[in-house]
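J.: The following block contains the structure, expressed as structure tokens.
The values are calculated or read from the model by the stated rules, or taken from the named source; none is laboratory data. Not measured: the values here are computed from a predicted model. Because the Cβ atoms are built from the backbone with ideal geometry, glycine has one as well, and the counts that use them run over all protein chains shown. Keep in mind that these areas ignore ligands, DNA and RNA; they rest on the heavy atoms of the full protein, side chains included. Shrake-Rupley method; radii C 1.70, N 1.55, O 1.52, S 1.80 Å.
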Amino acid sequence: MKSKNNIVVRMAPSPTGNLHIGTARTTLFNYLFAKQRGGKFILRIDDTDRERSTKAFEQNILDGLIWLGLEHDELYRQSEREDIYKKFLKQMLDSGFVYISKEEVTEAGQRNEVIRLKNPNKKVVFEDLVRGSVEFDTTELGDFVVAKSLEEPLYHLASVVDDHEMAITHVIRGEDGISNTPRQILIQEAIRATRPIYAHLPLILASDRSKLSKRKHGEAVWIDTYKNKGYSPQAIINYLALLGWNPGTNQEIFTLDELIKVFDISRVHKGGAIFDEKKLAWVNRKHFNLDKVRNK
Ligand code: GLU
């Protein structure tokens, strides 16, 4: 069924780790954008990387998002959609947009085959709701690999096919996804898909302005860490909303329903957003006091 205004967004986490603060923030912005427009929010588990994806990580992500109150309207797993990717790959082979290339002989003496996109080597320009007009020359990408075989599509291909099949209107994702966009636009053109509107959100940084990452910051990047410390889901949601966005007023304390009303993607800023647990603790106390007043 088509949703009102046809707004459809997706969050596409890879289940290669527990629910990360950045994943939760980006999910929240997708959720707010869809809900304020009567649109649909799809959760898609990007598990094409069979070696690194696990069911335990998938469950941690699903449970964490539900705990935060970010319920999806539909759920998909890429591992269950291989026939669809195969159909598109075959079409692209037939129409000459991709070709099978023989790779170097491997150490084991095998000659691998991969499927590569025939790069039209051109300038790609797209409008980003956060960053304005973005231009890339695709020449430097060469004929990049889109699948290891008809049965093994890689991320870019699976993502573009899914966005097309699911009629995604807006791709709202972290800034680290911006370099994927030119490749994905070339694949869209090869399968004649409509280009979605893009919004690349600022990264979340640690207090030393380095990117918040598992490798460097350990468990401090997981939502579970804050859940286990006793922060409420309402406070975490409220604080995440302020990571990269502000309402343009002095108000800092919001419920999820209020955020749906006031969130404005055009107010998302480009610069990195610093995660500050002290501020989260302050927001948590404010929510705690609000609850006391409400329950009187
Ligand atoms: N699975 C990708 C990631 O986690 C999704 C990026 C996207 O939204 O296209 O980075």
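J.: In nanometres, what is the gap between the two model label sites at Ile100 and Arg285, each 7 Å from Cα along Cα-to-Cβ?
T.: Between Ile100 and Arg285, the label points sit 6.6 nm apart.
J.: Pick out which of Ser95, Ser14, Ser232 has the largest mean-square fluctuation in a Gaussian network model of the chain, springs linking Cα atoms closer than 10 Å.
T.: Ser95
J.: Something else about it: Starting from the Cα of Lys35, draw a straight line to each of the aspartates and glutamates and keep only those under 15 Å, dropping any in the same chain fewer than 8 residues away.
T.: In chain and number order, the partners are Glu71, Asp73, Glu74, Asp257, Glu258, Asp264.
J.: May I ask you to give the percent of accessible area on the chain that is carbon plus sulfur, with a probe radius of 1.4 Å?
T.: 48
J.: Can you compute the FRET efficiency between Lys292 and Thr249 using 1/(1 + (r/R0)^6), with r the Cβ-Cβ distance and R0 = 25 Å? Round to the nearest 0.05.
T.: FRET efficiency, Lys292 to Thr249: 0.55.
J.: Once each part is reduced to its C-alpha centroid, what is the distance from the range 132-156 to the range 165-224 in angstrom?
T.: Comparing the Cα centres of the range 132-156 and the range 165-224, I get a distance of 15 Å.
J.: Counting only Cα, what are the radius of gyration and maximum Cα-Cα distance Dmax of the range 5-89, in Å?
T.: 13.3, 39
J.: Within 10 Å of each candidate Cβ there may be at most 13 other Cβ atoms; applying that plus a DSSP loop requirement, which trypsin sites (Lys or Arg not before Pro) in the range 8-101 survive?
T.: Passing sites in the range 8-101 are Arg50, Arg52.
J.: Next question, about the same structure. Roughly how many Å² is the accessible area per residue of the chain, as a whole number, for a 1.4 Å probe?
T.: 50
J.: What's the FRET efficiency of Ser266 with Arg195 using the Cβ-Cβ distance as r and R₀ = 30 Å, to the nearest 0.05?
T.: 0.95
J.: Using R₀ = 41 Å, calculate the FRET efficiency as 1/(1 + (r/R₀)^6) where r is the Cβ-Cβ separation of Glu113 and Arg215; round to 0.05.
T.: Efficiency for this residue pair is about 0.80.
J.: Right, here's the next one. Which of the lysines could be linked to Lys214 by a straight reach, that is with a Cα gap under 30 Å, when you skip same-chain ones fewer than 8 residues away?
T.: Straight-line reach from Lys214, under 30 Å: Lys55, Lys148, Lys227, Lys229, Lys270, Lys278, Lys279, Lys286.
J.: In addition: So what's the convex hull volume per residue for the Cα atoms of the chain, in Å³?
T.: 155
J.: Turning to a different aspect of this structure: Name the longest site-free stretch of the chain, where the excluded sites are GluC sites (Glu not before Pro) in a DSSP loop with no more than 15 other beta-carbon atoms within 10 Å.
T.: 152-251
J.: What spacing in nm lies between the two simple spin-label points modelled at Glu74 and Arg50, each 7 Å away from Cα in the Cβ direction?
T.: Going by the 7 Å Cα→Cβ label model, 2.6 nm.
J.: Mind telling me which of Val134, Val161, Val283 comes out most flexible in a GNM of the chain, alpha-carbon contacts under 10 Å?
T.: Maximum among the listed residues: Val134.
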